[in-house]
Amino acid sequence: MRTLLALLAGLLLAAPAFGQPLSGKGLADNMATGSLPTCGTNLRGYRAYNTTLGYEVTCNGTAYVASGGTGTTGDITITDETPVISFDDSTAGVGIPTTVNASILAGCVTLQDCDLALAVNSGAAALTEQVGILTNGAGASTVYLGRNVAVGTAWANTQTYTAVPEGGSVEINNTAPTLTFNDSDAAGAETGSGVIAVVLTDGTTAGNDEDTEMRLGVQAGGAAVNPIFIDGVAAGDYDVRLGETTTNYVAIDQTGKIRYEGTARPSIVHRVPAANFGLQATCTTNANVQIGGGPSVLRTVDCTDADGGVIGFELIMTDNWDGGDLFVRFDTVNVNAVPDEILNGNVLAQCRGTDEVIDNTWGTAAISVDYTGETTNATKPMEATVTPDCTTSCQGGDLCFIEFNSLATGTGTDFSEVYILMAEVGYPIEDNDEVD
């Protein structure tokens with residue numbers, strides 16, 4: 001018994017004080033680098049918290065390396081060429097899962113060039129990266145959100161993602177990148193009915209960074225429309241379009257020129273008073289005609305109910321006229337006490353450019369005005385659209401001749417009481433260069 005008591009007393013005297021950490025293989029001590037025992041095969045697995053480095057180290061049999069366990073501060077450190085934390089869902093299969101459901105990966109090329117990837121299974125056994133945080137040697141960092149099939153590698157521009165660089169800008173990489181705004185107050189689900197605005201970009205030529213377009217769309221009456229459309233082409237030209245973007249819009253190009261398409265096209269109108277008409281045969285002029293006891297008109301023209309009456313005038317077209325159809329209108333008034341006249345005829349047009357021959361070849365269209373049942377001194381237009389005859393093609397700056405030829409197919413006894421006061425010739429323009 002005396003021998004046993006002496007042995008216990010010796011063990012107690014050799015033990016550390018109460019509350020101090022125990023030392024030895026497999027237990028963590030707190031000590032500076034210089035105080036660590038020499039790492040050798042006899043201490044393989046020995047762990048200690050290195051107060052100089054600020055993390056836990058483990059003896060691997062030859063040297064101390066950062067531990068993969070928990071240090072005294074609660075941090076977790078994994079030392080590997082590409083550290084990975086994997087998460088397995090035990091309900092994904094029977095027994096131990098055969099695939100990784102999610103992973104956190106880290107890798108560095110240098111201490112200043114690292115990336116952190118958060119990856120999950122996405123409809124396949126292989127992981128795809130959904131979140132990536134990358135830095136480069138210059139100290140800049142970028143956060144990627146999207147789908148990177150090459151987990152832990154650089155996000156190629158062939159991948160689909162949204163990136164936020166260190167400067168705070170946003171980059172969307174996709175075949176047709178779209179930025180959608182939803183109104184949480186809109187009735188129904190936000191996806192679809194709640195969409196209030198969309199920014200869509202697209203390259204119209206595959207692999208051509210200089211041939212792109214951007215659309216700014218909104219909901220209008222329940223339908224998605226694109227009131228603003230920016231279209232660029234490889235030649236460096238571009239348009240900013242306002243309006244319905246496929247057929248009807250106003251466009252401003254890189255030079256500031258305005259172009260009109262479809263129903264957005266305004267018209268240029270040339271007005272010619274009767275005093276400037278040239279007359280032939282049964283069409284004659286009247287001077288200082290007072291109408292209805294009111295205004296006195298300097299000149300009016302009337303034609304008898306017969307073939308061959310001619311009213312003619314000429315115009316110089318604006319420089320950028322496209323050579324298309326002309327809208328011709330004659331403003332008339334019927335001074336008969338009981339109007340019953342129908343004035344019939346044809347409107348004729350021909351246009352000639354420099355060195356082109358003026359002849360008797362015309363583009364024609366029927367034209368008429370019916371005063372049956374109207375009151376005296378009533379005004380009505382006589383109008384038609386005509387395609388002018390041209391030697392080769394009509395173009396801006398052409399000299400155009402316009403005629404009205406009367407026909408003896410009208411009815412009524414006082415046909416000559418229909419006065420023609422003025423003519424108008426108009427056409428839609430494509431751009432603002434056509435305005436003289």
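The values are calculated or read from the model by the stated rules, or taken from the named source; none is laboratory data. Everything numeric here is computed off the predicted structure, so don't read it as measured data. Quick reminder, even Gly has a Cβ in these numbers, built from the backbone with ideal geometry, and neighbours come from all protein chains shown. Heavy atoms of the whole protein, side chains included, go into the accessibility calculation; ligands, DNA and RNA do not. Shrake-Rupley method; radii C 1.70, N 1.55, O 1.52, S 1.80 Å.
Would you please give the FRET efficiency between ASN276 and VAL225, computed as 1/(1 + (r/R0)^6) with r the Cβ-Cβ distance and R0 = 56 Å, to the nearest 0.05?
Working: r = 46 Å, r/R0 = 0.82.
The calculated FRET efficiency here is 0.75.
Quick one: putting +1 on the C-beta of Lys and Arg, -1 on the C-beta of Asp and Glu, what dipole do you get for the range 283-436 around its Cα centre, in Debye to the nearest 20?
600 debye
Gain in length, THR52 to ILE104, computed as 0.36 nm per residue apart minus the alpha-carbon separation, to one decimal in nm?
15.9 nm
Could you give the length gained on full extension between ILE252 and THR33, defined as 0.36 nm per residue of separation minus the Cα-Cα distance, in nm? Before the final figure, lay out the partial values.
Working: separation 219, 0.36 × 219 = 78.84 nm, distance 7.11 nm.
Here the segment from ILE252 to THR33 would lengthen by 71.7 nm.
Mean 1/r over all different Cα pairs, inverted: what Kirkwood radius does the range 285-436 give, in Å? All intermediate terms of the calculation are to be shown ahead of the outcome.
On the way: mean 1/r = 0.0607 Å⁻¹.
Kirkwood radius, the range 285-436: 16.5 Å.
Could you order peptides 271-280, 312-321, 292-301 by the average number of other Cβ atoms within 10 Å of their residues, highest first?
Output ranking for 271-280, 312-321, 292-301: 312-321, 271-280, 292-301.
Between VAL357 and THR263, what is 0.36 nm times their sequence separation minus the Cα-Cα distance? Round to one decimal in nm.
Length gained, VAL357 through THR263: 30.4 nm.
Kindly state, to the nearest 0.05, the FRET efficiency for ALA366 paired with VAL338, given R0 = 25 Å and r defined as their beta-carbon distance.
Once rounded, the FRET efficiency stands at 0.45.
Taking H as built 1.01 Å from N, whose amide H comes closer than 5 Å to the amide H of TYR55, not counting residues under 5 places away?
It is ASN50, by chain and number.
Quick one: dipole size for the range 313-367, taken about the Cα centre, charges +1 on Lys/Arg Cβ and -1 on Asp/Glu Cβ, in debye to the nearest 20. Walk me through the numbers on the way to the answer.
Numbers: 2 positive and 10 negative charges, 30 e Å.
The dipole magnitude comes to about 140 debye.
Mind listing P(r) for the range 339-401? All alpha-carbon pairs, 5 Å bins, whole percents.
Calculated over all Cα pairs of the range 339-401, the distribution is 4, 17, 20, 15, 12, 10, 9, 7, 5, 1 percent.
Between THR175 and SER141, what's the calculated FRET efficiency when r is the beta-carbon distance and R0 is 30 Å? Round to 0.05.
Working: r = 26 Å, r/R0 = 0.88.
For R0 = 30 Å, the calculated efficiency reads 0.70.
Which value, in Å², gives the accessible area per residue of the range 279-436 when a 1.4 Å probe is used on the protein heavy atoms?
Heavy-atom accessible area per residue stands at 45 Å².
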